[in-house]
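These notes concern the structure reproduced below.
The values are calculated or read from the model by the stated rules, or taken from the named source; none is laboratory data. Every value quoted in this text rests on a predicted model; they were computed, and no experiment measured them. Positions of Cβ are generated from backbone atoms using ideal geometry, with glycine treated the same way; all protein chains shown enter the neighbour counts.
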Amino acid sequence: MNQEKIGEFIKKIRKDNHLTQKEFAELFGVTYQAVSKWENGLNIPDIATLKEISKKFNVDINDLLDGENKKKNYFKRYVFIGICALVIVSLFLVYQFTHNHDFTFKTVRSSCSDFSVLGSMAYNDNKTSIYISSINCLNMDEEEYSSITCILYEQVDNTKIEISRSTYEGDPITLNDYLKNVEFNIDDYESTCKNYRDDSLFIELRAKNSQGDVITHEIPLTLDDNCSNSTSS
C-alpha cells in the first residue's frame, strides 16, 4: 500500500465533500491531527475506519487501499474508446456510402441530461442505416439490476415502432457497466427515407432491481438536421 496515495485520496474525498479536517475527523471519532497525518502520508486509518469512510462516501474500499477511483478511470477510458470507435466506423460508412450511393449523414445524440448518446444515421432513397456506438449514464447510478432491456424506438404519430433491442439477464450489474457493451447497428431500417422529426427516435431502458421494481428511463434522441429525401446517383 502507498500511504501517500491513500492520503491524497482521503484528502480529495474530504475536499470534494466540502469538509474541514476537523469536520471530517468528527465523522469518524478521531482528531483532526490524525486526519492531517493520513493526508500527509504519515499514517493510514485502521481497517474499521477505512470501512466507515468507504460506506459514508460510497467509495469502494479497494479504491481506498489503492489510492485511486478506478471506476472513474474506467469510465473515461470507455468513453474515449467509444468515441474513437464511432469516428472510425463513421469514416468507414462515409467512404462506403459516398463511393457507391448518394447518401446523406446525420449525427444522432441524446437531449437527456441523465444520459449521453452518440451515433450516426445514413440514408438515401433506398435505405436508412442507424449506428449507435456509445450510451452512457451520467448520474453514475450505482444500483444493480438483474434484468435490463434497452430498446431503440421510432415514434410515428401515436405508435411506437421498435427498431432494435438489447437484453441482459444474469448477475446483478449497474446501468453503467451494462451500457458499456450496448450498441445498435441497423444496416437497412427503411426502404425509403421519411421526414424524421427531431424527436422521432428515442431509447427506452427498463431495469429490474433485486426487489422486483422496474425502473424505466426514456432517452429522447436528436438529429443534427431534418431528414429530406435525396436522389440516388
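Remarks
- Pairs with Cβ under 7 Å, 6+ apart, first in the stretch 106-119 and over 16 Å from V87 (Cβ atoms), second small (G, A, S): S110/S116
Every residue, every condition in (1) out of contact with any Leu (no Cβ under 7 Å at 6 or more places or on another chain); (2) assigned by TED's automatic domain parsing to the domain that holds E8; (3) at pLDDT 70 or above, yes or no:
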residue	(1), (2), (3)
R77	yes, no, no
C84	yes, no, yes
Y95	yes, no, no
T104	yes, no, yes
R109	no, no, yes
D125	yes, no, yes
S129	yes, no, yes
L138	yes, no, yes
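- Pair list, Cβ < 6 Å and 6+ apart or interchain, from the stretch 34-61 residues that are touching a residue at least 40 places away in the same chain (Cβ under 8 Å) and under 17 Å from E143 (Cα atoms) to residues that are of a type outside the set (G, A, S) and not in a loop (DSSP other than H, G, I, E, B): F57/I13
- Condition check for L27: modelled with pLDDT of 90 or more, in contact with a Lys or Arg (Cβ under 7 Å, 6 or more places away or on another chain), closer than 30 Å to N139 by Cβ and not aromatic (F, W, Y): yes
- Selection status of S146, within 10 Å of the chain's Cα centre (by Cα), assigned by TED's automatic domain parsing to the domain that holds S210 and of a type in the set (S, T, N, Q): no
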